[in-house]
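See below for the structure under consideration.
Quick note: the coordinates plus some simple rules give every number you see, no bench work behind them. Everything quoted here is computed from the prediction, not taken from an experiment. Methodologically, a virtual Cβ is constructed for each residue, glycine included, from the backbone with ideal geometry; neighbour enumeration extends over all protein chains shown.
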């Protein structure tokens with residue numbers, strides 16, 4: 001209590017003339033041009049002529065959540081394979097290559113099936129040799145990395161893609177005079193991808209998994225946390241997929257996923273930069289208009305049941321570590337803003353409650369913070385804490401819970417809320433200055449929240465939040481009896 | 001069926017909308033795009049502080065960057081971390097006029113982000129806030145930089161945080177690899193590679209921090225860059241009011257040490273890490289200085305070596321064989337001293353030797369055979385066409401121009417590069433590669449579980465074992 005009185009007095013002394021953060025708003029919303037083509041694919045164009053560059057992001061609403069058990073990792077593997085080219089790019093002769101790829105997949109299936117069924121080693125070896133021969137045959141038609149090379153030759157910058165639970169997105173920045181190149185490449189990729197070099201790329205993905213999870217103690221801990229946080233919903237699947245699932249995926253699995261979920265009505269593309277919207281629309285119609293309409297993909301129907309009690313996973317490692325997860329709400333839910341502000345009040349900045357108490361005063365943690373997950377059908381707030389030297393994860397966990405209890409006795413003040421709103425506004429504006437991050441946010445709001453315009457409406461919504469709203473969401477969601485905890489402790493020698 | 005039709009239409013270049021569908025492989029664009037970069041204006045305050053402005057009124061935010069020649073290269077090795085801790089204390093400890101909690105609460109109340117760190121050759125502070133708050137909050141931050149309070153309790157906290165970090169330095173084998181590799185390459189005591197050890201932390205006292213601050217934080221060694229939504233005249237007046245009376249101290253600044261201090265001998269080094277399912281492989285030697293006449297050639301060589309999707313490292317190790325997700329190569333160039341030439345790859349334990357040998361083969365082949373004409377054209381096209389991307393973010397342009405100015409380079413060093421790269425021939429690049437690349441000088445580090453390797457690391461050369469607990 002005394003701390004906050006001192007805080008208020010201090011600020012009054014230092015900044016007598018400073019008014020509370022004004023409702024600065026900038027009319028970015030009216031600059032967005034929306035264009036939807038007949039097949040249902042939506043385009044959001046934002047002209048910005050500061051530099052001769054244009055950034056593009058395509059969001060496909062298909063991610064790890066759309067996978068089924070035993071086939072985890074498909075969405076991510078598909079994202080990798082989508083760089084292998086199309087029926088025209090990356091091949092010397094697609095007609096012959098297609099036949100070779102069919103034979104290759106059949107050879108793999110024969111080898112894999114024999115292995116699974118425990119065939120004798122000579123049979124397995126012979127089938128493996130045959131698989132190798134077919135692989136060599138198919139590779140004879142491949143023009144390696146041609147898809148990426150075309151972009152790079154044309155000054156493509158930041159060419160990449162990423163997969164999450166709800167979506168996959170593909171992005172890059174190009175010199176603005178090459179916008180048509182993007183239209184040609186991406187409309188082809190979204191419609192005619194060929195998953196060549198499947199087996200070597202699957203190995204690459206397994207290396208990625210080793211890097212982030214299997215050879216990384218914290219990655220492993222996080223995977224465990226996710227898997228126990230969700231009992232029914234596929235949000236508990238790792239985006240990278242489980243090792244054996246990925247190893248057993250077939251090219252046909254990926255093709256089926258692509259044909260089911262990569263449909264134009266589930267895609268939004270954002271184009272931000274030095275383009276003329278009218279010219280861009282003409283090219284968009286020409287190139288993306290050739291993607292045919294397809295049936296809607298199946299909807300996710302599983303709802304995660306309420307968590308009945310505490311869930312916990314404990315691991316041993318070289319340093320202590322604490323993850324404490326609480327289920328919250330889906331991205332579209334009105335409580336999301338209050339939860340964002342609550343996480344700022346609690347852990348953002350040196351004067352935030354938990355930082356000042358647990359890092360500065362009690363020296364329980366070296367650092368801590370909230371990580372928020374906003375998904376289409378669920379959400380979470382996870383406290384990530386690094387215990388200070390000499391402290392354990394269990395001690396930090398207890399101290400964090402004490403702070404949550406103290407919140408009830410010492411409610412959030414108007415000063416804290418105003419400070420959180422000011423920080424929120426700085427965070428709100430910061431990513432919008434980058435073409436690529438604005439393109440990303442436009443797409444994400446369009447497909448995973450309540451629509452792209454909500455991105456800009458939030459600046460007004462945030463001012464309506466009250467202290468009571470923050471107390472309510474804290475009471476409702478940060479329930480210690482419904483926490484999911486993952487700890488790493490140092491094992492006694 | 002519909003897909004087949006689409007392909008047919010594609011290949012026949014028929015029209016679908018109003019424009020003609022073209023094959024991306026045959027699209028032709030001018031290689032270079034003419035444009036005017038963001039204008040950066042430069043001023044000098046009355047005490048000599050250099051100030052740079054770049055305006056951008058689209059969003060109501062401002063970034064202020066402070067670059068101070070007070071990096072770890074001016075700190076004695078037995079106090080490694082002193083410059084870093086000073087930067088931490090400035091950010092979190094406030095000033096004499098605005099003590100710690102008043103300072104922290106004032107910035108937090110208005111959502112300000114004030115961060116700082118000390119790198120090898122400079123300390124950097126970044127202030128990020130809504131533009132309306134600048135007139136009131138900039139003076140607080142400048143005061144903390146000019147006259148930090150250095151509170152004892154904050155120093156104690158910093159020490160504990162650094163000790164915690166030190167305890168966790170071997171948690172992740174990837175991190176062990178990069179930590180050990182740079183120590184081998186630059187030397188254990190190098191300001192580029194050394195660590196903040198418990199004994200260094202004991203040596204770092206308030207008195208030493210104060211002495212370092214008095215000598216190194218001086219008007220002649222500080223530059224300020226402001227980017228975003230502000231009025232240049234008002235900003236200049238504000239900075240003049242905050243800084244104009246700063247007197248140059250009557251004492252010498254701390255001397256800079258070399259980046260390379262007793263680097264390890266070329267050879268193979270091994271960290272045995274039981275249970276690791278993936279090996280980290282690093283190899284490299286000295287890079288070059290940015291003023292080196294071969295710098296433009298190095299930009300093209302690195303594209304072919306490990307820069308892009310078509311580079312040899314990515315092609316041979318990732319695309320062709322699926323041996324790694326993370327594989328890359330770079331040639332970094334210091335302003336005054338050479339940076340490093342390096343390659344890195346993370347591959348499953350059972351392929352450690354295969355990947356290592358491929359990496360070595362690529363380096364040797366580039367030295368002896370050089371790059372092909374196709375690679376030269378690809379690298380040149382890619383480099384020249386992507387050149388404008390450097391100018392997308394006005395903040396980055398500002399920061400880079402300050403960096404060049406601070407190191408005595410022409411402020412438009414980068415702007416001139418396309419004219420130097422465009423005329424380069426294959427012979428030029430290969431001459432450079434042949435002189436620059438030196439497989440005999442390579443330091444090779446492997447971190448992994450040798451029990452599952454596909455051979456003995458000694459196949460790569462004479463092996464020195466490193467214990468990461470004490471290295």
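For region B:28-69 and region B:225-295, what is the separation of their Cα centres, given in Å?
Going from one Cα centre to the other spans 20 Å.
So, R0 is 22 Å and r is the distance between the beta-carbons of residue A:315 and residue A:367; what FRET efficiency does that work out to, to 0.05?
Taking R0 as 22 Å, the efficiency between residue A:315 and residue A:367 is 0.65.
With only alpha-carbon atoms counted, please give the Rg and Dmax of region B:37-137, in Å.
Both quantities, over Cα of region B:37-137: 15.5, 48 Å.
Describe numerically, in nm with one decimal, the distance between label points set 7 Å from Cα along Cα→Cβ at residue B:28 and at residue B:441.
That separation, rounded to one decimal, is 4.4 nm.
Using only the Cα atoms of region A:22-125, what semi-axes does the equivalent ellipsoid have when each is the square root of 5 times a gyration tensor eigenvalue? Give whole Å, largest first.
Its equivalent ellipsoid spans semi-axes of 46, 20, 12 Å.
Express the relative contact order of chain A as a whole percentage, based on alpha carbon pairs under 8 Å and six or more residues apart in sequence.
RCO, chain A: 22 percent.
Considering just Cα atoms, how many Å³ per residue does the convex hull of region A:316-432 enclose?
Normalising the Cα hull of region A:316-432 by residue number yields 128 Å³.
Can you tell me the FRET efficiency between residue B:412 and residue A:461 if r is taken as the Cβ-Cβ distance and R0 is 51 Å, rounded to the nearest 0.05?
Efficiency, from the Cβ-Cβ distance: 0.70.
Would you mind getting the Kirkwood hydrodynamic radius of region B:267-465 from its Cα pairs, rounded to one decimal in Å?
Result for region B:267-465 stands at 17.9 Å.
Please average, across the residues of B:198-206, the number of beta carbons from any other chain that are within 10 Å of each residue's own beta carbon, and give a whole number.
0
Once both axes come from the Cα atoms, what is the angle between helix A:198-209 and the longest principal axis of chain A, in degrees from 0 to 90, rounded to 10?
Once rounded, the angle reads 20 degrees.
Label-point separation (nm) for residue A:49 and residue B:428, each offset 7 Å from Cα along Cα-to-Cβ?
3.5
Given a Förster distance of 41 angstrom, what is the FRET efficiency for residue B:233 paired with residue A:472, based on the Cβ-Cβ distance and rounded to 0.05?
E between residue B:233 and residue A:472, to the nearest 0.05, is 0.30.
Report the normalised scattering of region B:41-243 as log10 I(q)/I(0) at q = 0.11, 0.12, 0.15, 0.19 Å⁻¹, calculated by the Debye formula with identical scatterers on the alpha carbons.
Each listed q corresponds, in turn, to -0.55, -0.65, -0.96, -1.30.
Provide B:158, B:345, A:467 in ascending order of the number of other Cβ atoms located within 10 Å of each residue's Cβ, fewest first.
Ordered from fewest to most neighbouring Cβ atoms within 10 Å, B:158, B:345, A:467 come out as A:467, B:158, B:345.
Compute the angle between helix A:217-229 and the longest alpha-carbon principal axis of chain A, please, reported from 0 to 90 degrees and rounded to the nearest 10.
Taking Cα atoms only, the helix is inclined about 80 degrees.
Would you please classify the overall shape of chain A from the alpha carbon gyration tensor, given that a ≥ b ≥ c denote the square roots of the eigenvalues, rounded means a/c under 1.5, and beyond that prolate means a/b larger than b/c while oblate covers the rest?
oblate
Can you list, bin by bin at 20 Å, the percent of alpha carbon pairs in the protein assembly as shown, starting at 0?
With a bin width of 20 Å, the distribution comes to 12, 43, 39, 6, 0.
Send over the per residue convex hull volume for region B:345-439, Cα only, as a whole number of Å³.
Convex hull volume per residue, Cα atoms: 165 Å³.
For the pair residue B:77 and residue B:214, how long in nm is the line joining their label points, each one 7 Å along Cα→Cβ?
2.8
Which distance in Å, rounded to a whole number, links the C-alpha centroids of region B:415-471 and region A:276-313?
Distance between centres, Cα-based: 44 Å.
If you average the alpha carbon positions of region A:412-470 and of region A:177-240, how far apart do those two centres end up, in angstrom?
For region A:412-470 versus region A:177-240, the Cα centre distance is 28 Å.
When the Kirkwood hydrodynamic radius is evaluated over all pairs of different C-alpha atoms of region A:249-334, what value in angstrom, to one decimal, is obtained?
Result for region A:249-334 stands at 19.0 Å.
Helix A:251-261 versus the longest principal axis of chain A: what is the Cα-based angle in degrees, 0 to 90, to the nearest 10?
Between the helix axis and the principal axis of chain A, the angle is about 60 degrees.
When you look at the Cβ of every residue in B:94-105, what mean number of other chain Cβ atoms sits within 10 Å?
Average neighbour count from other chains, rounded to a whole number: 4.
Relative contact order, percent, of chain B when contacts are C-alpha pairs under 8 Å separated by at least 6 residues?
20
Taking a cut-off of 35 Å, what percent of all Cα-Cα pairs in chain B are separated by more than that?
Result for the distance tail: 45 percent.
Within region A:409-446, name every residue whose backbone N is under 20 Å away from a label modeled 7 Å from Cα of residue B:58 along the Cβ vector.
The answer is A:425-446, whose backbone nitrogens lie closer than 20 Å to the label point.
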